[in-house]
Amino acid sequence: MAEDNDQDQEGGTGPGQGVGVVSKTAPKTKRPSLYKVLLLNDDYTPQEFVVWLLQAVFKKDPEEAVRIMLHVHQSGVGVCGVYTYEIAETKVAQVMELSRRNQHPLQCTMERE
Ligand code: TYC
């Protein structure tokens, strides 16, 4: 696609004039901003629920899920994953909805990297 916006323009000046304009514009491929999804500790949500949630929502394997849960439990907050804005927003909403449905006070937020 880098060559798609080349422009060759020959004026209507007839053959053999050798007049041409070539312009090249750098393709704009800005990388999207990334957002950390953070899980917050509380005193009531069962550890098993947090471990289950980390596997279900964040696709962590069981060992990684336990490691993240214990980190949050011990330090108060921890990163579950890093995503583009809309994916991060969806994960936060899924965590909040699953927590609400199971009557746990678990909180989840996102912040720009
Ligand atoms: N602190 C909770 C307990 O001891 C477990 C827990 C871990 C809760 C991580 C929330 O994000 C959390 N039952």
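Residue by residue, here is whether (1) open to solvent by 100 Å² or more (accessible area, probe 1.4 Å); (2) out of contact with any Asp or Glu (no Cβ under 9 Å at 6 or more places or on another chain); (3) at pLDDT below 95; (4) farther than 26 Å from VAL82 by Cα holds:
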| position | (1), (2), (3), (4) |
| --- | --- |
| GLY12 | no, yes, yes, yes |
| GLN17 | yes, no, yes, yes |
| THR29 | yes, yes, yes, no |
| SER33 | no, no, no, no |
| VAL37 | no, no, no, no |
| LEU40 | no, yes, no, no |
| ASP43 | yes, yes, no, no |
| PHE49 | no, yes, no, no |
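What about ASP42, is it within 21 Å of ARG101 (Cα to Cα) and among the acidic types (Asp, Glu)?
Yes: the conditions hold for ASP42.
Residues in the range 78-107 that are of a type in the set (A, V, I, L, M, F, W, C), surrounded by 14 or more Cβ atoms within 10 Å (Cβ to Cβ) and under 16 Å from LYS59 (Cα atoms): how many?
The number of residues fulfilling the criteria is 7.
The values are calculated or read from the model by the stated rules, or taken from the named source; none is laboratory data. Everything numeric here is computed off the predicted structure, so don't read it as measured data. Because the Cβ atoms are built from the backbone with ideal geometry, glycine has one as well, and the counts that use them run over all protein chains shown. Side chains are part of the model used for accessible areas, which takes the heavy atoms of the whole protein and leaves out ligands, DNA and RNA. Shrake-Rupley method; radii C 1.70, N 1.55, O 1.52, S 1.80 Å.
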